[in-house]
Amino acid sequence: MPESPAAPTESSIPVELSAEDAKLVVLARGARGRTGAVEGAAVRDQDGRTYAAASVALPSLALTALQLAVASAAAAGASRLEAAVVVTEASTLDGAGHAAVRDLAADAPIHLAAPDGSVLGTVVE
């Protein structure tokens with residue numbers, strides 16, 4: 001697990017997403033908006049199935065949206081992730097979510113997007 005949050009790659013060119021990854025942005029924004037959560041996330045598994053989640057902050061349980069999306073995929077039998085998206089107001093990717101994705105995919109892109117859906121950058125390491 002990384003000790004510090006991962007920062008997306010910097011680029012002066014707007015990030016162009018594939019149609020499949022753009023769908024993940026829509027799903028993550030929807031999960032965040034439905035619950036009013038701090039973050040929303042979505043992942044796509046090796047079979048093209050998608051899983052969306054919002055962050056959870058309960059007295060006895062706290063999960064980032066990305067952790068929950070990865071857990072949902074794993075619970076459904078996913079053995080590999082193709083891509084992930086986190087929609088948040090933060091400028092960096094949280095270490096716990098990053099580690100959860102890397103448990104199922106060493107090289108899947110993790111796109112970081114603002115609440116309006118604009119992609120801020122991509123973590124590929």
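The values are calculated or read from the model by the stated rules, or taken from the named source; none is laboratory data. Quick caveat, the model's predicted, so the values are computed rather than measured. Cβ coordinates were reconstructed from backbone atoms using ideal geometry, including for glycine residues, and neighbour counts include every protein chain displayed. The protein model used for the area step is the full one, side chains on, heavy atoms only, and it has no ligands, DNA or RNA in it. Shrake-Rupley method; radii C 1.70, N 1.55, O 1.52, S 1.80 Å.
Of all the residues in the range 78-125, those that are farther than 16 Å from Q46 by Cβ, crowded, with 19+ Cβ neighbours inside 10 Å and free of Cβ contacts under 8 Å to residues at least 12 places away in the same chain number 0.
The condition (being of a type in the set (V, I, T), more than 17 Å from L17 (Cα to Cα) and within 12 Å of the chain's Cα centre (by Cα)) is satisfied by just one residue among V87, V101: V101. The set of residues from the range 75-94 being at pLDDT below 95 and not in a loop (DSSP other than H, G, I, E, B) comprises just one member, L93. Among the residues of the range 36-52, those identified as among the small types (G, A, S), in a loop (DSSP other than H, G, I, E, B) and touching a helix residue (DSSP H, G or I) at 6+ places or on another chain (Cβ under 8 Å) are A37, G48.
Only a single criterion out of (1) in contact (Cβ under 8 Å) with a residue 24 or more places away in the chain; (2) under 19 Å from K23 (Cα atoms); (3) open to solvent by less than 30 Å² (accessible area, probe 1.4 Å); (4) not basic (K, R) is not satisfied by Q46, namely (3).
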